[in-house]
1. Does the stretch 207-224 hold any residues that are at pLDDT 95 or above, under 18 Å from Glu235 (Cβ atoms) and open to solvent by 40 Å² or more (accessible area, probe 1.4 Å), and which are they?
2. Would you confirm, using the coordinates I've provided, whether Ser208 is within 22 Å of Ile181 (Cβ to Cβ), polar (S, T, N, Q) and over 21 Å from the mean Cα position of the chain (by Cα)?
3. With (1) surrounded by fewer than 19 Cβ atoms within 10 Å (Cβ to Cβ); (2) farther than 17 Å from Asn277 by Cα as the list, and Leu182 as the residue in question, which single condition is left unmet?
4. Give me the residue from the stretch 123-152 that is under 22 Å from Glu201 (Cβ atoms) and not in a helix (DSSP H, G or I) and, out of that set, least open to solvent (accessible area, probe 1.4 Å).
5. Which of the numbered conditions does Lys89 fail, given that it passes all the others? Conditions: (1) modelled with pLDDT of 95 or more; (2) among the basic types (Lys, Arg); (3) under 24 Å from the mean Cα position of the chain (by Cα).
6. Looking at (1) within 43 Å of the chain's Cα centre (by Cα); (2) surrounded by 13 or more Cβ atoms within 10 Å (Cβ to Cβ), which is the one condition that is false for Pro37?
7. Please count how many residues of the stretch 40-65 are acidic (Asp, Glu) and open to solvent by 80 Å² or more (accessible area, probe 1.4 Å).
8. With the structure loaded, tell me whether Glu243 is surrounded by fewer than 15 Cβ atoms within 10 Å (Cβ to Cβ), at pLDDT 95 or above and charged (D, E, K, R) or whether it fails that test.
Amino acid sequence: MEVKLSKGDRVILKAFGNRIGIIDGEPRKARSKLLYPVSIDPSQQSSFYPEDSLEKFIPPKSVEQLLKDKEFCDVEDFAQGLIYKKLEKPLSDNLYTFYASRTEFLVHQFKPVLKFLNSSKQRLLLADEVGLGKTIEAGIIITETSARLGELSRVLIVCPSMLTPKWEKEMQKRFGLHFDILRRNDFIKFLDRYADYGEAEKLKGIVSLQTLRSGKIIESLRDIAPRFDIVIVDEAHYMRNPETYSSELGEVLSELSDALLFLSATPLQLGTPDLFNLLGLLIPEEFSDFTKTARMPRSVNGDEWRF
């Protein structure tokens with residue numbers, strides 16, 4: 001006799017209000033029929049039911065699968081599916097760390113993080129003028145990214161040496177984020193530890209541009225290739241000149257970072273070739289042809305470039 005059901009199958013008990021149970025043993029034959037042991041309540045002993053009173057339970061397709069198969073579903077299931085997909089990931093236009101900072105935000109300081117979150121490439125050139133709070137805006141991006149992805153493993157802030165104390169103080173005071181100021185030997189030790197332990201090595205560090213723009217450091221970065229969740233470069237216009245260590249450093253950091261934020265108060269004063277070189281560090285695949293870029297408007301939305 002052909003066995004249509006097997007141990008472990010979920011079945012519908014047609015004679016008992018379509019209750020669902022599970023076959024938890026082998027069938028036995030009685031009067032030319034197969035009887036299956038079916039458990040409805042795990043706390044109770046299973047009972048035997050004839051095969052013709054059972055129907056194999058097939059889970060309904062998800063709304064997503066129905067759409068892929070070009071099939072219809074009822075309105076209620078469709079609405080529930082939309083709600084679930086909306087809640088499955090953080091909303092790009094909601095800020096989850098609004099009250100997590102120890103500062104009073106200004107409206108314009110939210111624009112960069114919203115643009116950043118809506119960007120598929122997670123690359124942003126922030127070109128606010130001096131005094132408008134680019135450091136705060138970068139801190140908002142760090143905390144919001146962390147709220148969405150979980151604790152970030154490696155965050156690197158690169159800035160001119162005289163600004164390292166400012167960044168350390170601002171991150172601690174306004175966002176409660178502790179960053180270590182890294183000297184040359186500190187950064188080399190980080191690279192050595194990453195070479196030994198890989199992704200297990202964590203970092204929240206602030207390092208000067210002067211420290212990193214050396215041939216030896218750049219070579220070590222290329223060889224060891226540590227992955228950074230986010231890299232922030234302050235005064236990024238120092239990287240605009242090709243064939244310099246600063247520009248080469250920008251290329252390497254762009255390759256090694258999942259998200260990259262350039263801060264500069266001067267890009268509108270740069271010539272078109274300089275601006276092209278800077279944008280080419282952010283997204284080299286989209287800024288490889290200068291003749292096309294030269295025909296682009298010098299700004300998008302007035303003061304920011306978003307990708």
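1. Gln210
2. yes
3. Result: Leu182 passes all but (1).
4. Here the residue is Leu152.
5. Among (1) modelled with pLDDT of 95 or more; (2) among the basic types (Lys, Arg); (3) under 24 Å from the mean Cα position of the chain (by Cα), the lone unmet condition for Lys89 is (1).
6. Only one criterion in (1) within 43 Å of the chain's Cα centre (by Cα); (2) surrounded by 13 or more Cβ atoms within 10 Å (Cβ to Cβ) is unmet by Pro37, namely (1).
7. Residues in the stretch 40-65 being acidic (Asp, Glu) and open to solvent by 80 Å² or more (accessible area, probe 1.4 Å): 3 in total.
8. no
The values are calculated or read from the model by the stated rules, or taken from the named source; none is laboratory data. Everything quoted here is computed from the prediction, not taken from an experiment. Glycine gets a Cβ as well: all are built from the backbone with ideal geometry, and neighbour counts include every protein chain shown. Keep in mind that these areas ignore ligands, DNA and RNA; they rest on the heavy atoms of the full protein, side chains included. Shrake-Rupley method; radii C 1.70, N 1.55, O 1.52, S 1.80 Å.
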